[in-house]
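*Asks:* The structure follows.
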Amino acid sequence: MSGGSPAEVSVDTGTCIGSGQCVRLAPAVFAQRDEDGLVALLVARPVGPQRRDAETAAALCPSGAIRLVPPPDAGKQRSRPDVRRFGGPAAGPGRER
Ligand code: SF4
């Protein structure tokens, strides 16, 4: 997953081992909690360079605690009405049926 399509980041603090790799690779997206050093998510839907950094962090996380998935509303953003279903372009001169 990469490029301009939206992605939602999720982290699993039950799996995280607090290595801090994600913070070094994507400091704008991830942090570590003061109390136990486990991952804290700063940006749920990173874009541009932050998105790429989050993907790298997910790929290199030693415990597999980071996931990037399409957001729940991603499909809705891409759907477009089928204009033919609504009769197509308005009739004009020379287009009478
Ligand atoms: S790289 Fe993975 S294991 Fe390390 S702190 Fe981040 S989420 Fe936790």
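The values are calculated or read from the model by the stated rules, or taken from the named source; none is laboratory data. In this text the structure is predicted, and so the values were computed from the model without any measurement. Here Cβ is always computed from backbone atoms with ideal geometry, including for glycine, and neighbour counts include all displayed protein chains.
*Asks:* Scan region 1-25 residue by residue and report those that are among the small types (Gly, Ala, Ser) and within 9 Å of the ligand (Cβ to nearest atom).
*Replies:* Correct list: 18, 19, 20.
*Asks:* Looking only at residues that are assigned to a loop (DSSP other than H, G, I, E, B) and more than 14 Å from the ligand (Cβ to nearest atom) in region 57-72, which one is farthest from residue 11 (Cα to Cα)?
*Replies:* The residue in question is 72.
*Asks:* Which ones in region 1-39 are part of a strand (DSSP E or B), over 18 Å from residue 72 (Cβ atoms) and touching a residue at least 24 places away in the same chain (Cβ under 8 Å)?
*Replies:* 30, 39
*Asks:* Which one of these is modelled with pLDDT of 95 or more, out of contact with any strand residue (DSSP E or B) (no Cβ under 6 Å at 6 or more places or on another chain) and of a type outside the set (Phe, Trp, Tyr): 27, 89?
*Replies:* 27
*Asks:* Can residue 54 be described as among the small types (Gly, Ala, Ser), more than 8 Å from the ligand (Cβ to nearest atom) and surrounded by 14 or more Cβ atoms within 10 Å (Cβ to Cβ)?
*Replies:* yes
*Asks:* Tell me, which residue of region 26-43 that is closer than 14 Å to residue 57 by Cβ and within 11 Å of the ligand (Cβ to nearest atom) is farthest from the chain's Cα centre (by Cα)?
*Replies:* 32
*Asks:* Identify, by number, the condition in (1) under 11 Å from residue 9 (Cα atoms); (2) within 13 Å of the ligand (Cβ to nearest atom) that residue 46 doesn't meet.
*Replies:* Tallying (1) under 11 Å from residue 9 (Cα atoms); (2) within 13 Å of the ligand (Cβ to nearest atom), residue 46 fails exactly one: (2).
*Asks:* So in region 33-43, with the set limited to residues that are among the aliphatic types (A, V, I, L, M) and in contact with a Ser or Thr (Cβ under 9 Å, 6 or more places away or on another chain), which one is nearest to residue 9 (Cα to Cα)?
*Replies:* That would be 41.
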